[in-house]
Amino acid sequence: MIVTRSKPIEEIMDQIDPIMDQKICVIGCSLCAGKLKTGGEPEVKNMIRQLQDKRVNVIDGVVLKHACSIESWESLIKEQPVISDAEVLLVMSCGIGVSLLGRLCDKIVIPALDTVSLGAALNDEILLEMCSMCGQCTVGFFSGLCPKSGCPKSQLNGPCGGSNDGECEVRERKCIWTRIYEVMEAKNMLSMLNETLSPTEYNRGL
C-alpha cells in the first residue's frame with residue numbers, strides 16, 4: 001500500500017488559481033487512497049464541495065479502481081466518459097497515479113495528495129512507514145522490521161541519542177529500535193543485533 005496524505009486546500013488552490021475557469025474533473029483511487037480515506041468516494045465528493053465553494057469550475061468527480069494501473073487512455077474514457085470533457089484532472093491518488101495520467105493524456109494534471117511512504121493494511125489498522133524502497137533491503141537482520149523506514153534518521157545499528165524510555169524524539173512516536181528489540185528478544189534472536197551493518201548504498205535503488 002502506498003501511503004498518502006491530503007495536501008492543504010490552500011496549496012491545491014495555488015495550482016488551480018491560474019486555470020480555475022477551465023473544466024476540472026476530480027479523480028480518486030479506490031485502492032490505496034480509498035483505504036486511507038485520502039482519495040475514496042467520500043473524499044472526492046468533499047473535494048468537489050470545497051472547490052465549488054471557491055467557485056472553481058468542477059464538472060464532476062470519479063473514483064478509479066486503481067489509478068496506478070490503467071490499460072489505456074481509450075479504455076479509461078470508455079469507462080469514465082466524463083474525463084474526456086475535462087481540461088484539468090485533479091488527482092487524489094499517489095504520485096504514481098498522477099504521473100501515469102499525466103503521461104496518458106494531454107490535459108493538465110494536478111496532485112491533490114502527497115505521497116509519504118509504503119505501508120500496509122492489517123484488518124482495519126493502517127500501518128505506516130513499512131518500507132522506504134531504499135534498494136538494499138536489510139529487514140532480514142531485524143525479523144522483518146525496517147529501521148530505515150521506521151526511524152526518522154534511518155538508524156541501522158541501534159537507536160540514536162534522542163531515544164528516551166522507548167520513545168522517539170520526533171512527533172511522540174515509539175522508537176522503532178525498541179520494537180525491534182522486543183520482537184528479537186521474543187524470538188530469541190538478539191544475537192543478530194551484534195552485527196554492525198554498513199551504510200545503505202542508495203545508488204542500488206536507482
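All of the numbers you see were taken from the coordinates with simple rules; none came from a lab. Worth saying up front: this structure is predicted, and the values here are computed from it rather than measured. Here the Cβ positions follow ideal geometry from the backbone for every residue, glycine too, while neighbour counts run over all protein chains shown.
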Gain in length, K35 to R103, computed as 0.36 nm per residue apart minus the alpha-carbon separation, to one decimal in nm? 22.0 nm
For the stretch 2-116, what Kirkwood radius comes out of the mean inverse Cα-Cα distance, in Å? 13.6
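Can you list the GluC sites (Glu not before Pro) in the stretch 172-206 that are in a DSSP coil and have 12 or fewer other beta carbons within 10 angstrom? Could you put the intermediate results ahead of the total?
Values: sites: E172, E182, E185, E195, E201; in loops: E172, E195, E201.
Here the sparse-neighbourhood loop sites are E172, E195, E201.
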List the equivalent ellipsoid semi-axes of the chain in whole Å, largest first, each obtained as the square root of 5λ for an eigenvalue λ of the Cα gyration tensor. 41, 18, 15
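Can you give the FRET efficiency to the nearest 0.05 for N123 and N46, using r as the Cβ-Cβ distance and R₀ = 25 Å? Can you show the working numbers first?
Numbers: r = 25 Å, r/R0 = 1.01.
After rounding to 0.05, the efficiency reads 0.50.
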Kirkwood hydrodynamic radius (C-alpha pairs) into Stokes-Einstein, the stretch 135-205, 25 °C and 0.890 mPa s, D in µm²/s: 194
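Please report, largest first and rounded to whole Å, the three semi-axes of the ellipsoid equivalent to the stretch 8-50, where each semi-axis is the square root of five times an eigenvalue of the C-alpha gyration tensor. Provide the component values of the computation, followed by the final result.
Values: eigenvalues 90, 23, 15 Å².
The answer is 21, 11, 9 Å, longest axis first.
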At the level of C-alpha centres, the distance separating the stretch 94-140 and the stretch 150-206, in angstrom, is 23
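When only C-alpha pairs under 8 Å and at least 6 residues apart count, what is the relative contact order of the stretch 135-205, in percent? List each step's numbers first, then the result.
Working: 61 pairs, mean separation 28.5, N = 71.
The value is 40 percent.
How much of the DSSP beta bridge set in the chain is antiparallel, as a percent to the nearest 5?
Values: 11 of 26 bridges.
Roughly 40 percent of the DSSP beta bridges within the chain come out antiparallel.
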Length-normalised contact order for the chain - Cα pairs under 8 Å, 6+ apart - percent: 19
